[in-house]
Structure formats: structure tokens, C-alpha cells
Amino acid sequence: VNDYASIFYIRTNGNLSRDQQKQVISVFKQFDHEITPTIVPLGNIYKAKFVKDEQVFKMVSWGTYLAILLSFVGILSLSVLNVDRRTKEIGIRKVVGSSEAEIIGILLGETLLLITIASLFAFGVSYYLLSQWLNHFALKISLHAGYFIISGLLAFVIVLLAGGGGGGGGGGV
């Protein structure tokens, strides 16, 4: 028995009904009475191939959510520590006439500078790693600056929420 023609692909517009499947099987039975065809939609085969990728995506997504939460808590605690450490300076600035917005701006300035430097470093490393990883796929996806700008803006929003909340409530500004 030759196994050269054991798989046939039939292109259809949509899924085959039961009657259409029986018609296809009857055509094959005309040529080989012993054939026992199994009809499997091609979409199911491709879904099975990408199950592992979907699991990795879910795992990475949950890791990302956890990292965002931890960075929020870390920045909040650093802001509270910074305000506590600079309580005398904040008091002097208040006596001299600085507004709360100016003091919070000064306190957040250092953190935003560090986030900017860290983001630039992270963008370079992630661009290199993502481009290497995406080269292994048949369908090519080009990386553009929008992905990195959105992630950088998200980092700034986290800093502003955590740092602004910590700066406003931690030291009695």
C-alpha cells in the first residue's frame, strides 16, 4: 500500500455540513472501497499548533500585570521614603512660599529623569530581543516606535500616579 496520497485537502467556502461530508466520502469510496476518511477542518490543526504559544502569551501577560503592580508599589514606597527623607527641605520650601504643585514637581523630577534613562535603555534592549524573536516567524511583523512610546507613556503614568500619590500623602505636603 502506497502512502503517497493519504492526506487530501479540500478547499471550501465555510464548514462542510454532514450531507456534504457524506458526499465527499462517497466520492473517495468510488476509488477506494477500504478507505476510512477522517474530516478535520484545517483551522483546528492550526489551533492545535498554537496552543503552546497561547499559553506562553497568557503567562507573559500575567507576569506583565504583576510587574506593573510591583513597579507601582515600589515607586510609591520610594516616593514616601523620598518625602520622609526630605521633610525639612519641604518645610523650608513651604515657609519660603512654594506651592504644593512646585514641591511635588521637584520631588517627581528626579524620578522622571531616572524613568527616562531606564526607558531608553529598555527600549534598545527590547527592540533587539523582539526583532530576534520575531525573525523566527513566517509572517513578519515590523516593530515601530509606537509600541515603545506607548510603553514609555505607561511608565510615566505609573510614576505620576504612584509618585504623585506618595508625594501628596506621605509627608504632609
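Taking GLN132 and the conditions (1) assigned to a helix (DSSP H, G or I); (2) surrounded by 15 or more Cβ atoms within 10 Å (Cβ to Cβ), which numbered condition does it fall short on, given that it satisfies the others? Only one criterion is unmet by GLN132, namely (2).
So that you can scan it fast, the table gives a plain yes or no per residue for (1) touching a residue at least 40 places away in the same chain (Cβ under 8 Å); (2) surrounded by fewer than 11 Cβ atoms within 10 Å (Cβ to Cβ):
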| position | (1), (2) |
| --- | --- |
| PHE8 | no, yes |
| ARG18 | no, yes |
| GLU34 | no, yes |
| PRO37 | no, no |
| TYR65 | no, yes |
| LEU78 | yes, no |
| ARG86 | yes, no |
| VAL95 | no, yes |
| SER98 | no, no |
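For LEU139, the conditions (1) hydrophobic (A, V, I, L, M, F, W, C); (2) without any contact (Cβ under 8 Å) to a residue 60 or more places away in the chain; (3) in a helix (DSSP H, G or I); (4) open to solvent by 100 Å² or more (accessible area, probe 1.4 Å) all hold with the exception of (3). Only one entry in SER26, SER71 is within 30 Å of LEU161 (Cα to Cα) and of a type in the set (Gly, Ala, Ser), namely SER71.
In the condition set (1) farther than 12 Å from ALA155 by Cα; (2) surrounded by 15 or more Cβ atoms within 10 Å (Cβ to Cβ), GLU102 is compliant with all but (2). One residue stands out in the range 7-34 among those that are of a type in the set (Val, Ile, Thr) and part of a helix (DSSP H, G or I): the one that is farthest from ILE45 (Cα to Cα), namely VAL27.
Candidates ILE103, ILE149, ILE90: the one that is without any contact (Cβ under 8 Å) to a residue 12 or more places away in the chain, among the aliphatic types (A, V, I, L, M) and out of contact with any Phe, Trp or Tyr (no Cβ under 6 Å at 6 or more places or on another chain) is ILE149.
The values are calculated or read from the model by the stated rules, or taken from the named source; none is laboratory data. Owing to the predicted nature of the structure, the values given are computational and were not obtained by experimental measurement. Heads up, the Cβs are rebuilt from the backbone with ideal geometry, glycines too, and the neighbour counts pull from every protein chain shown. These accessible areas exclude ligands, DNA and RNA; they are computed on the full protein's heavy atoms, side chains included. Shrake-Rupley method; radii C 1.70, N 1.55, O 1.52, S 1.80 Å.
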